[in-house]
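S.K.: Got a structure for you, questions after.
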Amino acid sequence: MGNAACCRNNPSFTEIANDIFNSHTNIATNQEDIRKEQSTTTKAKIDLAYINLTEWSTSERIAKVQEIDFSPISLSMTNTFKTRDLTITPKGLDSSKRNLQDGVVYFGCKYKDLLGNYVVDVKCKLTNEHLNNKFRGPHFMIYFDLTEHAYFLHDFSIGFGTFIKITESNTLKNDSLLSVGETFILVNILYKNNEDTFPKLRLKVFRTGALTEVYSFHAQEFYMCRILIGRSKKCHVVIEDDMISKIHANVVFNSQMKWVLEDGTIDECSLNGTWVFANQDFRIVENMEFKACEAFFRVLSL
């Protein structure tokens with residue numbers, strides 16, 4: 001069984017998010033404050049967001065997406081305030097206030113940036129107004145790829161991240177971030193050297209109001225054997241979280257010499273799902289579910 005070690009006392013959710021995403025920024029609230037922050041990380045991050053927007057809004061790309069006849073995405077978005085159905089085409093969102101039709105749909109807490117420019121197509125309002133202002137700007141986007149002729153999801157690493165619900169085996173990578181119930185799990189895959197084919201798995205478990213715990217597992221010990229994660233005391237990783245199942249997920253070191261994550265057990269899925277942070281672009285598929293900005297999304301048709 002893996003070894004657990006407590007690392008620190010009672011982190012708040014804000015501290016947990018700060019550790020995991022390292023994305024809290026001190027965003028200014030008016031134009032004068034913007035000028036004062038010319039040399040800060042915040043300024044650099046805002047500039048990067050604008051570069052991303054500019055790259056996707058070239059006249060060449062806009063011209064190309066106008067010519068594409070491809071099936072739209074029907075997407076359901078549910079948060080505390082309402083449920084909304086969205087239709088996204090290769091041109092983007094028809095009702096967008098950005099009015100560019102560049103094949104990109106931006107999601108975020110506020111429609112406008114600090115200077116009053118429309119930079120978000122779909123507003124995902126948070127329950128905390130302070131966070132709405134703090135994490136202003138696009139949090140993630142759905143775009144149409146002109147080469148693949150498919151829709152993709154891209155996270156901007158602003159706010160609390162975008163998480164994809166897994167429905168099949170998912171190969172874990174170093175620094176993968178998992179969301180189960182109200183708990184986050186940071187994954188580290190540790191090799192001794194370049195020739196090492198049996199890497200150690202380290203799981204760092206973050207929960208609000210609880211000690212941070214670290215579990216380590218050796219590949220030789222769990223080759224084709226399942227590491228169980230859940231509320232049950234029978235699990236290798238026991239998490240006291242009422243939002244997760246008794247056996248919520250499992251990890252195995254498989255015959256391809258990879259650590260692989262699965263939701264639930266062989267026989268049944270977990271109640272609330274296992275979610276993986278979108279640290280790379282994900283191709284949109286039918287029935288895909290993801291969460292971001294305190295909202296849940298499901299692809300209804302494609």
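S.K.: Once the mean 1/r over all distinct Cα pairs of the stretch 88-161 is inverted, what Kirkwood radius in angstroms do you read off?
M.R.: 12.6
S.K.: Quick one: compute the contact order of the stretch 242-302, relative version, from alpha carbon pairs under 8 angstrom and 6+ residues apart, as a percent.
M.R.: Relative contact order comes out at 24 percent.
S.K.: While we're on this one: How far, in nm, would the chain grow between residue 63 and residue 85 when pulled straight, counting 0.36 nm per residue and subtracting the alpha carbon separation?
M.R.: The span from residue 63 to residue 85 would gain 5.2 nm if fully extended.
S.K.: Given a Förster radius of 30 Å and the C-beta distance between residue 234 and residue 260 as r, what FRET efficiency does 1/(1 + (r/R0)^6) yield to the nearest 0.05?
M.R.: For residue 234 and residue 260, the calculated efficiency is 0.90.
S.K.: What does the charge add up to near residue 283, with Lys and Arg as +1, Asp and Glu as -1, over the other residues with Cβ less than 9 Å from its Cβ?
M.R.: It works out to a net charge of -3.
S.K.: Quick one: net charge of residue 76's neighbours, Cβ under 14 Å, K/R +1, D/E -1?
M.R.: That sum, taken over residues with Cβ under 14 Å, equals +2.
S.K.: DSSP loop (so not H, G, I, E, B), at most 16 other Cβ within 10 Å: list which chymotrypsin sites (Phe, Trp or Tyr not before Pro) in the stretch 65-121 pass both filters.
M.R.: Filter output for the stretch 65-121: 70, 81.
S.K.: OK, next. Treating cross-link reach as a plain straight distance, find the lysines whose alpha-carbon is under 23 Å from the alpha-carbon of residue 258, omitting any fewer than eight places away in the same chain.
M.R.: Partners within reach: 165, 173, 192, 200, 204.
S.K.: Next question, about the same structure. Please work out the FRET efficiency for the pair residue 243 and residue 167, using the Cβ-Cβ distance as r and a Förster radius of 22 Å; give the result to the nearest 0.05.
M.R.: E between residue 243 and residue 167, to the nearest 0.05, is 0.70.
S.K.: Between residue 194 and residue 271, what is the label-point separation in nm under the 7 Å Cα-to-beta-carbon projection?
M.R.: 4.9
S.K.: Where in the stretch 60-83 does the label zone of residue 146 land, with the point 7 angstrom along Cα→C-beta and an amide N cut-off under 16 Å?
M.R.: Hits in the stretch 60-83 for residue 146 at 16 Å: 60-70.
S.K.: Taking K and R as +1 and D and E as -1, what net charge do the other residues with C-beta under 13 Å from the C-beta of residue 95 add up to?
M.R.: Here the charged neighbours net out to +2.
S.K.: I would also like to ask the following. Quick check: convex hull of the Cα atoms in the stretch 126-239, volume per residue, rounded to a whole Å³?
M.R.: Considering the Cα atoms of the stretch 126-239, their hull volume per residue is 186 Å³.
Since every read-out is calculated from the coordinates, none of them should be taken as a lab result. Every value quoted in this text rests on a predicted model; they were computed, and no experiment measured them. A quick note on method: Cβ atoms are made from the backbone with ideal geometry, for glycine too, and the neighbour counts reach across all protein chains shown.
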